[in-house]
Every structure is written in C-alpha cells, then in structure tokens.
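Below you'll find the structure, written out as structure tokens, and then a few comments.
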Amino acid sequence: MTNLKASTGPQFARIMAVGSATPSRVIPNEFLLQYIDSSDEWITQRTGIKERRWIAEDENITTLSLDAARSAIERSGIAADQIDAVILSTISHYHQTPALAPQLATELGIPDAAAYDISAACAGFSYGLAQAESLVRSGQARHVLLIAGETISEITDLTDRGTAFLFGDGAGAVIVGPSETNGIGPVVWGSDGSQAGAIWQTRGWQEAVAEGTWPKLGMDGRAVFKWATGFIAQAAKKCLDEAGITADELDVFIPHQANDRITDTLLRYLKLPENVVVARTIRQLGNNSAATIPMAMDALLTSGEAKSGQTALIIGFGAGLVYAGQVIILP
Ligand SMILES: CC(C)(COP(=O)(O)OP(=O)(O)OC[C@H]1O[C@@H](n2cnc3c(N)ncnc32)[C@H](O)[C@@H]1OP(=O)(O)O)[C@@H](O)C(=O)NCCC(=O)NCCS
C-alpha cells in the first residue's frame, strides 16, 4: 500500500495574544423597562447585570470581529502571512453561506488562509480553541486566528421577560501558535441534542420567510440554570483534572458569563481559593455568547487583575446544548 506523508507539528501550542472589541452603545437595565415588566433591582439581583453594550448603526459583526482580530494580531507580533487558518465562532452572522471568516481573512490581509465559521453558541470559543490547538500541533497551520464575534442584540426579543436583559454584543480574538511548553490543556467538551429546545432560534428560515418575521432567541432559563450549576460544574472540575492541576494551582477563573449566580455556584463546587481572580464582566457587558470568554480574558489582562503566564480555567456552555472548557496559560 502507498505510504502517504502525514503532517507533523510542534509538540505544544499556546495562546500568543488576545484582543477584543466592545460596541459603543451602553444599554443600562432601565432602558429595557420600556419593553418588559421588570426592574433594575430584579435584573441585578437575579443575574448581576447592570448594563450591556449593543452595536450602533455604524457597527456590526464584521467591524467588531475585525477590530478584535487586528488587536490580537498586533499584540502577537506575527505578520498576517504567518497565519494559515482563520476560524470565526458565531451564531449571529446573517448568512448561513458564505461563511464570514474568508471575508475577514481577506480584509485582514491574510493571504490564502483556510477560513471557516463554526456554530457552538456560548461554548464556541473553547470549541474553536480546541480546533486551533489541534491544527497547530498537527502541523496543519503555523498560526491560527480564532475570532468569536456576536451581535446577539439583533436576535434578542425585547419583549421576552426571560431573555431581553441577558445578552450583549462584542468580539474577542486570539492567535494560537507553537510553543516550547504547553499553554492549552486538553479540552473537555460534549453535547446533548435532546436539550435542543433549552436555547433555540424561535423560527427556522422557512417559517420566518413564510411569516415575514425575524428569528429571535428563546430560552428555558430554569432548565439552563440547573444544567449549568450541576453538569457544567462537574465538567469544570474535569478540566482541572485533565490538565493535571489542582484548584490551588489555578490563578484565574473565566467561566462563561451567563449569570453571576451560576458563577458563584461553580466557585463553591470547585472550592477555588480566595485569591483566584474571577471574571465578572457580565455586570457591564452581559452575556456575549461565544465572544464572552476572550472579551473577559482581555479585560482582566488589560486591567492588570490577571497577568501573562498565569493559569486560567475557561469554560463555555450554551445552545445545543453544548459545552467546552480547558485550562490555559494566559498570553
Ligand atoms: C433567566 C433567569 C435570570 C431567570 O431567573 P429565574 O430566577 O430562573 O426566574 P424564573 O423564571 O424562575 O422567575 C422567578 C420569578 O421572577 C419573575 N420574573 C421572570 N422574569 C422577570 C423579569 N424579567 N423581571 C422581573 N421578574 C421576572 C417570574 O414571574 C417569577 O415570579 P414569581 O416567583 O412571582 O412567579 C435565569 O433562569 C437564568 O439566568 N438562567 C440561565 C440563563 C443562562 O445561563 N443562559 C445561558 C445562555 S448561553
């Protein structure tokens, strides 16, 4: 039998740099009270959210994704032509085809990159990171640009008391490249399609066209809350185990920002020491779906609360239902 050559790559990969982009419109809780029967107090107490950012007229998923990507590329110090693959994680791009990633790659001056979109909702960053790490370590890409970009405000039903206050827009991006030491622990991931109705697009394309309506996000908040505080807590612990570290060796915890009370429950389950820095960007940014984790990572590094070289546990969960997490070394 013919022996085909196999690609080989470096033993380890790491996140070399992170960047993010936040849209300009600040939407405080009070703004939403014209649409839903609620209060600033209820939203703050039940979720932690005080405000979120939504796109203005001159902003969209492309502008946010490009801004985040440019920042990550610049900080990484590599040239655009050293990037071989561009992955965009999103559930809010308007077009099912073509993917947006090829257009982003071209706009960024990255020549002839493998470029594609993935749809893993709020777990999308960790799903993409697992792919990026594998592409680098297998030698199929020297560097990967992973972007998570979302404009969930455009699919939010402002009259829905269960979701109107939760989501925000934004983008985060990282460059993944080769490393002397391991910077990305094994991914812990999975899915449960029987829970497809827990978070869903309220109308498929055919129904939307027939009705002349725009699809929105729907959610069974209680079911998701229960899943996140039970199953996802165990998955987060597994991320530490798979990376071979204990809670005492962790510096930073960046869980998906879905609800501050979910984060509190995860903290109790994991028994993280007091000195672990915990992302709480939900208070100012809401839930940015796939973009949440890289946006929170950038915010913690920029503010100085977290430092390059520290160990961080990241875990995302959302529509599918899907989840994914890993321990990383911060860029
Ligand atoms: C959405 C969420 C904040 C709702 O909070 P909750 O405590 O579950 O709310 P419930 O639906 O059980 O309702 C509790 C009470 O608040 C009321 N309520 C519901 N929405 C309200 C709102 N927007 N404003 C004020 N009151 C509200 C309900 O009527 C109910 O009142 P009652 O006790 O008098 O019957 C919460 O379920 C949640 O965060 N779920 C997980 C979301 C998530 O992780 N999503 C992931 C997406 S990736």
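The values are calculated or read from the model by the stated rules, or taken from the named source; none is laboratory data. Keep in mind the model is a prediction, meaning the values are calculated, not measured. Positions of Cβ are generated from backbone atoms using ideal geometry, with glycine treated the same way; all protein chains shown enter the neighbour counts. Note: areas computed on protein heavy atoms with side chains; ligands, DNA, RNA excluded. Shrake-Rupley method; radii C 1.70, N 1.55, O 1.52, S 1.80 Å.
Work out, step by step, the length gained on full extension between E30 and D241: first 0.36 nm times the residue separation, then minus their alpha carbon distance; give nm to one decimal.
On the way: separation 211, 0.36 × 211 = 75.96 nm, distance 4.25 nm.
Taking 0.36 nm per residue and subtracting the Cα distance, the gain is 71.7 nm.
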In the chain, taking the dipole from +1 charges on Lys and Arg beta carbons and -1 charges on Asp and Glu beta carbons about the Cα centre, the listed residue (L145, I78, V252) farthest towards the positive end is V252
Which of the trypsin sites (Lys or Arg not before Pro) found in the stretch 234-331 are loop residues per DSSP with 10 or fewer other Cβ atoms within 10 Å of their Cβ? K271
What GluC sites (Glu not before Pro) does the stretch 52-100 have in DSSP loop regions with at most 10 other beta carbons within 10 Å? E57
To the nearest 0.05, how large is the calculated FRET efficiency for A80 and Q310 if R₀ is 35 Å and r is the Cβ-Cβ distance? 0.80
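Percent of Cα-Cα pairs more than 25 Å apart in the stretch 108-238, please.
Details: 3545 of 8515 pairs.
For the stretch 108-238, the share of Cα pairs beyond 25 Å comes to 42 percent.
Report, to one decimal in Å, the Kirkwood hydrodynamic radius for the stretch 1-99 based on all distinct Cα pairs.
On the way: mean 1/r = 0.0561 Å⁻¹.
Evaluated on the stretch 1-99, it is 17.8 Å.
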Work out the charge dipole of the stretch 1-81 with +1 on the Cβ of Lys and Arg and -1 on the Cβ of Asp and Glu about the Cα centre, then indicate which of A13, I36, I49 is farthest towards its positive end. A13
Taking amide H atoms as placed 1.01 Å from N in the peptide plane, list the residues 5 or more away in sequence, or in a different chain, whose amide H sits under 5 Å from that of S89. I118, I147, A148, G149
Select from V277, L321, T292 the residue farthest towards the positive end of the dipole of the stretch 255-331; place +1 on Cβ of Lys and Arg, -1 on Cβ of Asp and Glu, and compute about the Cα centre. L321
May I ask for the distance between the Cα centers of the stretch 103-169 and the stretch 6-33, given as a whole number of Å? 8
Cleavage-rule hits (chymotrypsin sites (Phe, Trp or Tyr not before Pro)) in the stretch 139-195: DSSP loop, at most 11 neighbouring Cβ within 10 angstrom: none
Cα pair distances in the stretch 95-154, grouped into 10 Å bins until the bin that holds the longest one, percent each: 20, 51, 26, 2
Return the carbon/sulfur percentage of the accessible area of the stretch 188-329, one whole number, probe 1.4 Å, all protein chains in place. 51
Under the helix-only model (-39500 (n - 2.57) for each DSSP H run of 4 or more, divided by the residues of the chain), the mean residue ellipticity at 222 nm, to 500 deg cm²/dmol, is -9500 deg cm²/dmol
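Rolling a 1.4 angstrom probe over the protein heavy atoms, how many square angstrom per residue are accessible across the chain?
Working: 14680 Å² over 331 residues.
About 44 Å² of surface per residue is accessible.
Could you work out how much longer the chain between D40 and S7 gets when fully extended? Use 0.36 nm per residue separation minus the Cα distance between them, nm to one decimal. Before the final figure, lay out each step's value.
Numbers: separation 33, 0.36 × 33 = 11.88 nm, distance 5.49 nm.
Here the segment from D40 to S7 would lengthen by 6.4 nm.
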When Rg is the radius of gyration of the Cα atoms in the stretch 188-329 and Rh is its Kirkwood radius, what does Rg/Rh come to? 1.03
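So for the stretch 12-179: antiparallel DSSP bridges make up what percent, rounded to the nearest 5? Can you show the working numbers first?
Values: 21 of 31 bridges.
DSSP beta bridges in the stretch 12-179 are roughly 70 percent antiparallel.
Quick one: of K237/K307; K216/K238; K238/K307, which pairs are farther than 26 Å apart, Cα to Cα? Working shown, then result.
On the way: K237/K307 22 Å; K216/K238 33 Å; K238/K307 24 Å.
Distance filter (> 26 Å) returns K216/K238.
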Counting residues in the stretch 12-179 as N, plug N into 2.2 N^0.38 Å and put the Cα Rg over that result. 1.12
Accessible area of the stretch 65-105 belonging to carbon and sulfur atoms, whole % at 1.4 Å probe: 48
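May I ask you to give the average projected area over all directions of the convex hull of the Cα atoms of the chain, in nm² rounded to one decimal? Write out the running numbers ahead of the final one.
Details: hull surface 73.6 nm².
For the Cα atoms of the chain, the hull's average projected area reads 18.4 nm².
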